[in-house]
């Protein structure tokens, strides 16, 4: 699946996402960094490093998804502890 | 294109996982309406290598700015309005006639988002992440960037603490160009250090 050409300005770069679910999971990680960790991406980054190390050949955005799943599980724990 | 009527394919397993994550995070109140759309729109249309190119062009035309940029990248880049996630600890490394700089993230995909946008696919791939440290000249040559034997190659490993941006050398014969015209010469790859201008 590919993103249709929507006339998005690519500047001198390239479009970052190959499929809608990839931009979705990127935006969700941004939401977690912003709203669960006050803008700090480091908790997510640690999970991403772990996810990539666990399966180095897994496609990048799938590792990203696994990292966000792991981090989301940790937010559960925090929520329970405070609930 | 048959835009009027089509039956979408059922979601793939990875699409289902992302949808489940979205439902869970929304339930926790972490995903305000429209947030994901706004974030991805900004990274697809506003935040990209053109920002970094403006930084480089300014450094080429303004020696005082160049000095500030090399001394304190984060603040000098923020002067031009580029700041935010993954841009808090910027270090700018300068190419010279005797030194070529190139940036990698060996552990994951750390990258200076405010100045370069999101990283290209190859930057995140295991071969780039491992080989750029082990055999930078060979890999650079394979990527079309030949470094003369008498030029040093400095490889910078991005991390949580530091994000690097390469300041390429200003190409010869560009004395008459305006800052805007110069910015148009600066490519993303030259600011990662896998290309020379």
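What is the angle, in °, between the Cα long axis of helix B:35-45 and the longest principal axis of the Cα atoms in chain B? Nearest 10 is fine, range 0 to 90.
On a 0 to 90 degree scale, this one is about 40.
When Rg is the radius of gyration of the Cα atoms in region B:11-98 and Rh is its Kirkwood radius, what does Rg/Rh come to?
Reported Rg/Rh (Cα atoms, Kirkwood Rh): 1.18.
With the calculation restricted to Cα positions, what are the radius of gyration and Dmax of region A:28-82 in angstrom?
11.4, 37
Tell me the relative contact order for chain B as a rounded percent, counting alpha carbon contacts under 8 Å between residues six or more apart.
It rounds to 25 percent for chain B.
With a point put 7 Å past each Cα toward its Cβ, work out how far residue A:35 is from residue A:50 in nm, to one decimal.
2.3 nm
The protein assembly as shown: Rg/Rh from Cα coordinates, Kirkwood Rh?
My calculation puts Rg/Rh at 0.99.
How many partner chain Cβ atoms sit within 10 Å of a residue's Cβ in peptide B:64-75, on average, as a whole number?
So the per-residue partner count for this stretch is 0.
Using r as the Cβ-Cβ distance of residue B:122 and residue B:96, and R0 as 25 Å, what FRET efficiency do you calculate, to the nearest 0.05?
0.45
Just report the Cα centroid separation between region B:74-124 and region A:21-40, whole Å.
Centre-to-centre (Cα) distance: 20 Å.
Between residue B:147 and residue B:20, with labels modelled 7 Å along Cα→Cβ, what's the label distance in nm to one decimal, could you check?
4.4 nm
Taking the Cβ-Cβ separation of residue B:181 and residue A:70 as r and a Förster radius of 45 Å, what is the calculated FRET efficiency to the nearest 0.05?
0.45
Please work out the Cα center distance from region B:135-152 to region A:42-71, rounded to the nearest Å.
Region B:135-152 and region A:42-71 have Cα centres spaced 30 Å from each other.
Report, in degrees rounded to the nearest 10, the 0 to 90 angle that the Cα long axis of helix B:13-27 makes with the longest principal axis of chain B.
So the inclination is approximately 80 degrees.
Could you tell me the calculated FRET efficiency between residue B:83 and residue B:9, based on Cβ-Cβ distance and R0 = 45 angstrom, to the nearest 0.05?
According to the calculation, E is roughly 0.65.
Based only on the alpha carbon positions, what is the Kirkwood hydrodynamic radius of chain B, in angstrom?
Value: 18.8 Å, from the Cα pair sum.
Let me have the 222 nm mean residue ellipticity of chain B computed from DSSP H runs of 4+ only, each contributing -39500 (n - 2.57), with the sum over all residues rounded to the nearest 500.
-12500 deg cm²/dmol
Values in this text are rule-based calculations from the coordinates and carry no lab data. Keep in mind that this is a model prediction, so the values were computed, not measured. Neighbour counts run over all protein chains shown; Cβ positions are idealised from the backbone, glycine included.
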